[in-house]
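See structure below.
The values are calculated or read from the model by the stated rules, or taken from the named source; none is laboratory data. From a predicted model like this one, the values you see are computed outputs, not experimental measurements. Cβ placement follows ideal geometry from the backbone for every residue including glycine, while neighbour counts extend to all protein chains displayed. Ligands, DNA and RNA are stripped out before the accessible areas are found, and what is left, the full protein with its side chains, is counted by its heavy atoms. Shrake-Rupley method; radii C 1.70, N 1.55, O 1.52, S 1.80 Å.
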Amino acid sequence: MFNEQIKIKMKKIFSFLESLPMTIVGGVFLAISLVLLLTDTKMLIDPAWVTVFICGLPLLYLALTRLIFQRWVSSALLISIAMVAAIAIGELFAAGEVAFIMAIGALLEERAAGRARKGISKLLNLAPQKGRRIITVDGNITEEIVPVEEIHRDDLLRVFPGETIPVDGKIVFGNTSIDQSIMTGESLPVDKSIGDDVFCGTINRFGSIDIEATKVGKDSSLQKMVDMVKSAENKKAPMERIVDKWATWLVPIALLIAILAYFFTGDIVRAVTVLVVFCPCALVLATPTSVIAAIGQATKHGVLIKSGEALEAMGKVNSVTFDKTGTLTYGKLEISDLLMFSDDMNERDLLSLIASAELRSEHPLGKAVVKYARDKGIDVREPSTFEMIPGKGLKAVIDEHEVICSNTALLQENGIQIEDKVTDSLQNIRQEGKASILVALNGKCVGLVALSDVIRPDAKEMVGKLQKMGTEVILLTGDNKQAASYFAEQAGIDTIYAELLPGQKVEQIEILQQEGRKVCMIGDGVNDAPALKTADVGVAMGSMGSDIAIEAADIALMGDEISKIPYLKKLSNSTLSTIKFNITLSMVINFVAIGMSLMGWLNPITGALVHNAGSVLVVLNAALLYDRKLKY
């Protein structure tokens with residue numbers, strides 16, 4: 001317990017020393033030390049001691065804890081050795097310089113690091129807290145409101161219109177339409193009747209239903225989706241810094257060269273100079289400076305990149321998976337076809353009839369028809385009577401004429417004949433993945449309205465650009481196969497996986513990853529959150545996407561412009577190229593400086609200045625990325 005308290009206090013002290021204000025203080029004292037050196041002015045205490053204390057102590061602590069407790073030979077160890085060696089021979093400016101550069105690198109990396117995400121807590125907030133259980137008391141059937149934790153398997157529950165379904169279950173009474181977008185991303189409510197399954201967290205839109213609980217608590221679909229997001233978050237290992245990958249052999253090589261320099265020349269100053277110029281400070285700066293510049297450029301183009309890891313990973317992506325609704329499409333229904341089966345009216349009359357019948361409907365199809373009619377200036381009248389039949393359609397009386405807007409089942413129940421031409425038209429509409437409304441007037445089927453989501457106009461061009469970059473494009477959607485195939489063909493996507501629940505999207509991404517693919521997932525809905533977390537890079541639609549999807553993703557398209565995906569890929573590739581160039585540049589400078597040190601042309605102070613110049617060059621080259629014009 002005592003040791004734990006000491007650790008906490010030490011952590012607070014070093015966090016304070018590593019803060020931006022203290023690093024600036026260290027830099028000021030280092031600058032004063034340099035001025036004193038250049039003017040050959042002596043002081044009782046060298047100001048560089050302040051820099052060594054502020055910037056060097058956290059570095060030394062980090063190097064020792066990694067070495068002793070984690071058995072990790074890190075870049076911090078090499079720089080600590082150089083710092084201590086420089087102090088030992090009285091070269092305080094050189095010691096302070098390498099410590100200060102490392103402190104700057106650490107701050108830049110922290111700046112480039114990803115923001116903490118709150119997606120899991122928001123997912124948990126979607127879970128219903130209570131349910132309406134049906135019980136029998138003294139032979140009388142009654143209802144009681146109970147916490148969802150008290151609902152058990154096989155309990156009978158009643159769900160009214162507008163309520164959230166508290167657990168997974170099976171309908172035992174009633175017909176309805178369920179908004180399953182939280183689970184499947186489908187833009188339309190799904191008609192449900194006795195024997196159909198319903199999922200926790202989905203919304204009952206129209207009819208009152210009784211369900212038998214089949215999966216409760218941790219077994220429910222919504223809880224499993226939460227668990228998938230948590231699991232994906234835990235599986236993602238942080239990207240190891242390039243400089244630390246190389247530290248394992250940088251440290252022994254640096255020590256060996258320094259020892260050989262002392263052995264052959266007998267000059268301890270040359271040995272220490274080798275250690276100073278060998279410090280990978282420019283290497284430490286190569287990645288974060290490039291990442292920050294790229295993130296700044298992306299922000300100007302309406303792309304919010306949350307972490308440097310995501311930007312680096314995007315450059316390695318070779319498979320991009322898309323959700324359909326709200327991503328490749330707008331997620332808004334519009335009338336695509338209007339078919340007439342009667343010569344007694346024209347299209348405007350038919351639209352007026354349907355829109356008037358649907359005026360009181362809350363169904364998305366009905367609302368879309370009413371909006372379309374009003375936008376076209378078509379007369380929409382109040383129905384004399386209106387009856388909604390959950391899961392089937394509606395009946396209304398318009399100007400003393402009976403109108404039925406429904407599927408084939410409701411027409412047949414009312415004794416209305418479905419002719420072959422109507423059946424053929426319906427089949428064609430369904431093959432294109434469109435929703436449909438059959439319209440009957442006074443006992444006769446007179447028309448059909450088809451509605452469809454609208455594909456984004458730049459979808460096909462965007463897919464083509466990705467494919468030219470050698471990137472595979474895949475569609476993962478909860479929609480039916482017909483709708484998926486129809487929109488995939490329009491977008492130029494060949495590989496399609498349809499009717500997927502959130503877990504199945506995750507499984508498909510994991511299969512791609514097991515095949516050695518680097519996967520980017522692009523989505524907008526709550527149901528996409530687990531897949532966004534599982535993918536190597538998750539991209540969410542920032543404007544119309546759900547908060548949970550945006551929090552789960554690594555990158556957000558603030559203007560919902562999917563045309564930015566090829567730009568994002570190109571920017572990531574350019575960033576990786578800049579990082580590699582900076583690493584090469586820093587290593588060349590280091591090796592040249594090592595040679596000059598061995599020849600005795602550099603001492604620890606001039607070596608530190610050359611070393612500093614290399615760091616400045618790396619930062620300046622990275623900064624050019626901010627305004628670089630990218631062709632894609």
The chain: angle of helix 75-88 to the longest principal axis, Cα-based, in degrees nearest 10: 20
Taking N as the number of residues in segment 331-454, what is its Cα Rg relative to 2.2 N^0.38 Å? 0.95
Please report the accessible area of L333 (heavy atoms, 1.4 Å probe, ligands and nucleic acids excluded) in Å², nearest 10. 40
Proximal lysines to K218, defined as alpha-carbon separation beneath 19 angstrom and excluding residues fewer than eight positions away on the same chain: K122, K130, K170, K230
At a 1.4 Å probe radius, which order do T289, T265 fall into by accessible area, largest first? T265, T289
Solvent-accessible ranking of M43, M596, largest area first, probe 1.4 Å: M43, M596
Between 0 and 90 degrees, rounded to the nearest ten: what's the tilt of helix 564-598 against the longest Cα principal axis of the chain? 10
Using the Cβ atoms and a cut-off under 10 Å, what net charge is assigned to the surroundings of M462, where Lys and Arg are +1 and Asp and Glu are -1? +1
Order by protection proxy (mean Cβ within 10 Å, highest first), peptides 466-472, 561-567, 132-138, 441-447: 561-567, 441-447, 466-472, 132-138
Selection from L365, A450, I404 lying farthest towards where the dipole of segment 331-454 points positive, charges on Cβ: L365
Euclidean distance between Cα centres, segment 309-353 to segment 416-462, Å: 14
Hey, what angle do you get for helix 347-357 against the long axis of the chain, alpha-carbon based, 0 to 90 degrees rounded to 10? 90
Provide the packing ranking of 481-487, 201-207, i.e. peptides ordered by the mean count of other C-beta atoms within 10 Å per residue, highest first. 201-207, 481-487
1/(1 + (r/R0)^6) with r = Cβ-Cβ of M469 and I6, R0 = 51 Å, i.e. FRET efficiency to nearest 0.05, evaluates to 0.45
Based on the mean of other Cβ atoms within 10 Å per residue, sort peptides 600-610, 64-74, 299-309 so the most packed one is first. 600-610, 299-309, 64-74
A student applying the Cα gyration tensor rule (rounded when a/c is under 1.5; otherwise prolate if a/b is larger than b/c, oblate if not) would label segment 129-226 oblate
Note the direction-averaged projected area, equal to a quarter of the hull surface, for the Cα convex hull of segment 471-528, in nm². 4.0
How big is the accessible area of E91 in square angstrom, nearest 10, if you roll a 1.4 angstrom probe over the protein chains? 40
Is the shape of segment 449-597 rounded, prolate or oblate, going by the alpha carbon gyration tensor and its root eigenvalues a ≥ b ≥ c, with a/c under 1.5 for rounded and a/b larger than b/c for prolate? prolate
Ignoring everything except DSSP H segments at least 4 long, calculate the 222 nm mean residue ellipticity for the chain; use -39,500 (n - 2.57) per segment, divide by total residues, nearest 500. -16000 deg cm²/dmol
Relative compactness, the chain, computed as alpha-carbon Rg over 2.2 N^0.38 Å: 1.30
Rounded to the nearest percent, how much of the accessible area of segment 331-454 (1.4 Å probe, protein heavy atoms only) is carbon and sulfur? 41
Accessible area (Å², per residue) of the chain, counting only protein heavy atoms and a probe of 1.4 Å: 46
Work out the length of the dipole vector of the chain about its Cα centre, built from +1 on the beta-carbon of each Lys and Arg and -1 on the beta-carbon of each Asp and Glu, and round it to the nearest 20 debye. 2880
